1. With no solvent and one equal point scatterer per Cα, compute the Debye intensity ratio I(q)/I(0) for the range 96-243 at 0.09, 0.14 Å⁻¹ and report its log10, rounded to two decimals.
2. Average projected area of the Cα convex hull of the chain, in nm²?
3. Taking the Cα-to-Cβ direction at residue 332 and at residue 383 and moving 7 Å from each Cα, how far apart do the two end points lie in nm?
4. Which order do 345, 228 fall in if you start with the one that has the fewest other Cβ atoms within 10 Å?
5. On a 0 to 90 degree scale, rounded to 10, what angle separates helix 363-375 from the longest Cα axis of the chain?
6. When DSSP beta bridges are limited to those with both residues in the range 96-243, what percentage is antiparallel, rounded to the nearest 5?
7. With runs of 4+ DSSP H residues as the only contributors, calculate the mean residue ellipticity of the chain at 222 nm using -39,500 (n - 2.57) per run, divided by the residue total and rounded to the nearest 500.
8. Could you list the residues of the range 189-221 with an amide nitrogen less than 19 Å from a label point located 7 Å from the Cα of residue 246 in the Cα-to-C-beta direction?
Ligand SMILES: [Zn+2]
C-alpha cells in the first residue's frame, strides 16, 4: 500500500513513470491521478458498509430492514451534497416458513437438512422417486425429459467447473425445465462443502413457481446421489411460505453532462440482499464502491460530455425487479434511447479485469484502458473475459441492446463460499479490495463519459435476438425485464 502510494506520488511529482523522459502531464492524467489519490486517501465506503452490516440484519427488498437500510444510504449520500432520487417500485416479498425433506429407501426414512428456495409454492407437499440429472445443462433436461414426469429431480446448483462455451444455466432455468417436464420437485446440491445452506430464487421474476425446490448441503446431496445409483429412493417434500405485496426503491444519483446531452452512461450495483445475512459480499462490496466514486465526482466535477446515472438497485435478488423498473420508467418517459452504456458491479472487488459480456468489439478498447489504469500506478492485472451474466442487473440492459461491461476481481475463497448464506458478513471485506474496485470503476466511468465515440453501439431488436441465441441465453426472452 505504502509502496503504491509512493509510486503514485512519484508519478505526480515527476510527471512520468520511473526511468522515462519527463513530459508535462495532460489535464486528463492530472484529473485521473487526483481521483485515484482521493479514493486511496479519503475512502468512506468501507466503514459505511461496516456500519450498515452491523445496523441491519439484512436488506431484503420490501422488508422493514430493507426499507430502513435504503433510508440510511439515502441520508449518507445526501451528506455528499448530491441530489438523491428514490425510485419506488412494487415487489412481491416471499418469506420462508418451514422446510422438510425426507428420503425413504430399503424401508428406512431419513430426514435431510434442507432449505426451501424463494418462490417455492406457499403450502406444498409432494413426493416422488429421486432422479439424478447431474449438472443439469439444457441438453440433460432435453435428453431425460420423458423420465422426469412425477419425479423429484436431483441436480447441481452450479457445476464445479463450467463447460467452456456452454451457457451455465441459472437455478431458475433448471427449475422451469423440471416443471415443464412435470417433475414434482427439485433438490439442488450445493456447490461448496460444509453445512451452510444458501438461499436464492428459483423464479426468474418475483412470482411463485409450481413445484417446490430445496437446497441440500454438498455432503447430503452427494450421499443422496450415491444412494440413488443403487436404490429406489423416494423423497417426501414439504414447505410453507408467505407472500405479500410490498415496495422497495432504487436509489439514483445523476450527474448531467456539462452541455445538454442525450447520451447516458449508467453505473449500477444492487444494494438488496436475501434475508439470511447483511450481504457484505453480495453485494455490499459492490454497492458501497459506488459511494466514494460519487464523492470524488462531487469534489472534482469532471467535464463530462455524457450524462451519468449512479444506481443502487433493489429487488435484484428477486429477479432484477429494480433495474427492470428503471428501464420501464425510461421507456415510459421516452428516454430509453439515451441509454448508451451500462457498467454493472456485483460481488466484485480487488479488481483485476473486465468482462465484456458478449461484446467482442470491446476487447481492444478495454485492453488499452487497462494499460492506462496500470500507468496510473494501480496494481491491476488487466484480464479479460467474455461471458454473459444471466442472473444480475445486466439483463434488463441486455434486453434493450445496451452494451454492458462488468468488472472482475479475486476475493478470498471464503467470500464466494458465503454466497447467499448466513456467513455473508463484513469480516469477509477488505478495505484495499474496495478501494481498488472504486479506482478502476472511476477510470472506466470517466472514460465512457468523456470519449468522442463509445466503443460499442446499441443493438436493434433483431441483433438482440441473434446475440441471445449465439450465447444460449434465449431463455431470457420468456420474461418481461422492463420491456
Ligand atoms: Zn448479487
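No lab work stands behind these numbers, since they all come straight from the coordinates. Model, not experiment: these values are computed from the prediction. As a convention, Cβ positions derive from the backbone with ideal geometry for all residues, glycine included, and neighbour counts pool all protein chains shown.
1. Calculated log10 I(q)/I(0) at the listed q: -0.23, -0.59.
2. 22.8
3. Result for the modelled spin labels: 4.0 nm.
4. 228, 345
5. With both axes taken from Cα atoms, the answer is about 60 degrees.
6. Percentage antiparallel, nearest 5: 60.
7. Working: 14 runs with 164 residues, N = 483.
After summing the helix terms and dividing by the residues of the chain, the value is -10500 deg cm²/dmol.
8. Counting only backbone N, you get 199-209.
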